[in-house]
Amino acid sequence: QNPSGRGTLVNEVVNGSAASTSKIRAGDFIVSISSSGRTADCAWLSLAQVKEVIMQAKCPVRLQLRRGGPEPWMLSRDGSGLSVEQMMDEASRRYGRLLEEEQEEALRAAFAALKETEMRKANQEAVA
């Protein structure tokens, strides 16, 4: 699942790949893929689904990318991070019209997992 609704994150661009000779950079989000007059919206697709769309596309393939801007969970007002509810409020403010109920539930679960990891890390640092 892709709970962010921002697209599929490009983690790495491999040297010598087609992506490396284009304007794609690590940190970009693939928002849509166009080929043969058809466009696939990738905002909520998983990596596996995006790979499948690319494999089925006929050349030339055009990618729409989104670059920059923090995700809601990267915002921090006091250094302790935001609560799950604060993250959901921020996500709703930014992406509200794009969020459907199922996607909102997936996003809430992802935020909860982030907070759990954050708390586990803080506890480990406190013990050390």
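When region 41-56 is examined, which residues are found to be modelled with pLDDT of 85 or more and surrounded by fewer than 18 Cβ atoms within 10 Å (Cβ to Cβ)?
Asp41, Ala48, Gln49, Lys51, Glu52, Ile54, Met55, Gln56
Is it the case that some residue within region 76-91 is at pLDDT below 85, under 14 Å from the mean Cα position of the chain (by Cα) and farther than 20 Å from Ala112 by Cβ?
no
Report yes if Ser20 is open to solvent by 30 Å² or more (accessible area, probe 1.4 Å) and farther than 30 Å from Ala109 by Cα, otherwise no.
Taking the combined requirement at face value, the residue satisfies it.
Would you pick out the residues in region 94-119 that are surrounded by fewer than 11 Cβ atoms within 10 Å (Cβ to Cβ) and either of a type in the set (Ser, Thr, Tyr) or modelled with pLDDT under 75 (or both)?
Residues satisfying the conditions are Gly96, Arg97, Thr117.
The values are calculated or read from the model by the stated rules, or taken from the named source; none is laboratory data. This structure is a prediction, so every number in the text was calculated from the model and none was measured. Every residue, glycine as well, gets a Cβ built from its backbone with ideal geometry; the counts of neighbours run over all protein chains shown. The area values use the complete protein model at the heavy-atom level, side chains included, leaving out ligands, DNA and RNA. Shrake-Rupley method; radii C 1.70, N 1.55, O 1.52, S 1.80 Å.
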